[in-house]
Every structure is written in structure tokens, then in C-alpha cells.
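The values are calculated or read from the model by the stated rules, or taken from the named source; none is laboratory data. All figures in this text were calculated on a predicted structure; none of them were measured in a lab. Note: ideal-geometry Cβ built from the backbone for every residue, glycine included; neighbour counts use all protein chains shown.
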Amino acid sequence: MSSLVLDNLSYQYNETAVIEGLNLTVENDEIVCLLGASGCGKTTTLKAIAGIITAQQGKVYINAKLVSGAGLFVAPEHRNIGMMFQDYALFPHLTVADNIAFGLTNMTRAQKQLRVEEMLGLVQLEGCAKRFPHQLSGGQQQRVAIARALAYKPSLLLLDEPFSNIDTQVRFELIADIRRIIKSQQVSAVFVTHSKEEAFAFSDTLAVMHRGKIAQQGTPEQLFTAPNSKVVAEFLGQGIYLSAEVLTATEYSTRFGLVTSLIANRHNSAQGQLYVRSHHLVLTAASEQSEQTVKVLNRRFIGTSYVYKVMIDGQEVEVAAELAQSFNLNELVTIKIKPHTVNFFADK
């Protein structure tokens, strides 16, 4: 049984479509990330799931029960969902223990205390029960927020940009911990972010949103290596487009020579464009100018390597090279393309 199903969901604000015909399924114990640029509709989708807004069209099912659509609307407090916000939304006048216990309305005092102690152990804050939020670090506040959201055993957990206020140095350690906590509780989750790095680290499945719809859904590896559109390819990793001709299922002709794909592809058109990311490119010294050479526009030293900026067909790209390969400004270099899982988009 799926934890969440969104069926043809649409929402308009001031006669402008924010989400339109959106379909999404979240399986049991699955963490799905709604990933996309600002304004793509991901937070609106989260609000529709929570019942904070009512979609004008479509249906929302939580644990196979209809909670919105077909003339029915179940209030947020009756959907058995937990929520975790960007600013944590902790009550500043309540202790950590009281914050965690806030939603446990149908328990005795002894049951509440037992559940709070259990959650404090789960998030590794055993000694913080009597502290107030302002006495905690950002990461500790985040742990309190996740403990409160999970305390009453929700069917579904919703997380809205939960890591954006966390210091970069500890962010991914915290992401790993929160993911472990959610998985240990066997709770399905929908996570909203605009950061692909956070999405890759936290989710089981990505749903890339564009203009109010799911452009593609799959594992991070599937979407990164085999995007179904330029929108998905560009959002998941910076690159450049090169005109190409399909020669075989694994070979493509470009101005920089033959490009080999690590997997075979079937194409309906022989002409199109390759989307090539910077880590697929190799720079070598050029003895003379040719169609395969470009000029070094800038270089940065980053400790373990240099990063060189070059212009290819009017597109700027930065390419890393080992310290032993040192090129000067305005020096000509030859571009070679490594064998990789090729992203080819046919000309329309």
C-alpha cells in the first residue's frame, strides 16, 4: 500500500496555475524529494498534502484514504501527518521535553514522559529535556523538531527546506542522522528542497518539478545519468550542449571527435545535442589551433587541482585538471571527452 498518492492535482492562485495535473506516489517507508527551482510549485504541493491549502482539482490519498477531493476535505489535524519546517517552529517558552510532548494529547502524563524519553534517546539529546530552544545549537533544535514531528507516530512526514539554516560544515552529518532516524521509525516522508546536494544525500527517490508538474521521478542515480529532458539534465548538473550525430548505439560524432557512451541507446533521430558535464571533459596542451582547441580564459587554484574556464560554442564551462597539468591564461588547449553515460537530445 502506498503512503501517499496525488492524483491529477491542480492549484491556482490569482488565476495563475501553481501546480497543474500533478501525479505523485510515495511508497511505504520511502523518502521522496520534491526538487526544483523557486516558483516551481514544490512548497504548494506540500501544503496541499498537509491540508493547509485546498487544491481546486485532483485527489490526495494518505494510506489509501481520501483526504482531499471529490467534495471531501479532511482537516490537517486529522490527516495523521508530521511536519518539519525551515525555521523549526519550536515554542520558545516551552522546554525541549514540552515541545516534544506538545502533540501527544491522547496520552496520560506517564505515557507522555515515556514517549518523550524514547524520542530524546532516538535523536541523541538525552540530557537536554529541561533546556529551552534558545539554549540549543541549530542542529540540536533540528533534532528536537524531528523528535516532535515523530512523537505521535504519524503516517507521513513532511519536511519543508529543513536544512537550509544549518551551517554547511555540519549539514550533511545532520542529514545522515535525520535520515537514519526517519528510516528507524519506518515513516514515509516528502522532503522539499532546491538543493540537489541535499536531495541526493537525503532521499530515496527524486521528483524534479518544473512549472507545477513532475518532470521526472526516479532514484538520484537514474535521473543524473539518464535525464528525460533538458530541464532535468540542467537542474541536476551544470554542463554544455554539443552538436552531435548518432553513428551507432554507443558512438556519437562531435567537433571534438568521437564520443563513446558506456551504455547503448536507441534514438529516433541521428541529429541532436549531447549534454556534457565538466567532469566528462579533459584538457591537454595544444601545439596548434584546430577545431578541437579552445583558449584558457581563467584559472583558479583550489589546493588539489586547478580549475580552468574555457568557452565552447559560446558556453562557458569550468574544467578541473591535476596540478601536473598547468596551463596559462590565453593558452590553447585541446578538449577531449571521456567515455560516459551519454545524454543525447534529438533535434525537434
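For the stretch 280-301, which residues satisfy the criterion of being farther than 16 Å from F256 by Cα and without any contact (Cβ under 8 Å) to a residue 24 or more places away in the chain?
If the condition is that a residue be farther than 16 Å from F256 by Cα and without any contact (Cβ under 8 Å) to a residue 24 or more places away in the chain, then R300, F301 are the ones that fit.
Within the bounds of the stretch 242-250, is there any residue that is of a type in the set (D, E, K, R) and in contact (Cβ under 8 Å) with a residue 60 or more places away in the chain?
The answer is no; no qualifying residue exists.
Considering (1) over 13 Å from the mean Cα position of the chain (by Cα); (2) closer than 22 Å to F344 by Cβ, say which one E221 fails and leave the rest.
(1)
State all residues of the stretch 181-203 that are assigned to a loop (DSSP other than H, G, I, E, B) and within 21 Å of K47 (Cα to Cα); if no residue qualifies, say none.
Pass one, the stretch 181-203, residues assigned to a loop (DSSP other than H, G, I, E, B): 185-187, 194-195, 203.
V187, H194, S195, S203 - these are the residues of the stretch 181-203 that are assigned to a loop (DSSP other than H, G, I, E, B) and within 21 Å of K47 (Cα to Cα).
Collect the residues in the stretch 50-101 that are at pLDDT 95 or above, in contact with an Asp or Glu (Cβ under 8 Å, 6 or more places away or on another chain) and among the polar types (S, T, N, Q), keeping them in residue-number order.
Matches in the stretch 50-101: none.
Say whether the condition of being charged (D, E, K, R) and surrounded by fewer than 15 Cβ atoms within 10 Å (Cβ to Cβ) is met by at least one residue in the stretch 72-95.
Yes, the stretch 72-95 contains a residue that is charged (D, E, K, R) and surrounded by fewer than 15 Cβ atoms within 10 Å (Cβ to Cβ).
Using beta carbons and a limit of 7 Å, which pairs, at least six apart or on different chains, have the first residue in the stretch 44-71 and in the same structural domain as F191 (by TED's automatic domain parsing) and in a loop (DSSP other than H, G, I, E, B) and the second one surrounded by fewer than 18 Cβ atoms within 10 Å (Cβ to Cβ) and among the aromatic types (F, W, Y)?
That search, which allows pairs on different chains as well, returns T54/F73.
For the stretch 19-43, which residues satisfy the criterion of being polar (S, T, N, Q) and over 13 Å from I214 (Cβ atoms)?
N28, S38, T43
Out of all the residues in the stretch 150-171, is one or more of a type in the set (S, T, Y), surrounded by fewer than 19 Cβ atoms within 10 Å (Cβ to Cβ) and not in a loop (DSSP other than H, G, I, E, B)?
Yes, the stretch 150-171 contains a residue that is of a type in the set (S, T, Y), surrounded by fewer than 19 Cβ atoms within 10 Å (Cβ to Cβ) and not in a loop (DSSP other than H, G, I, E, B).
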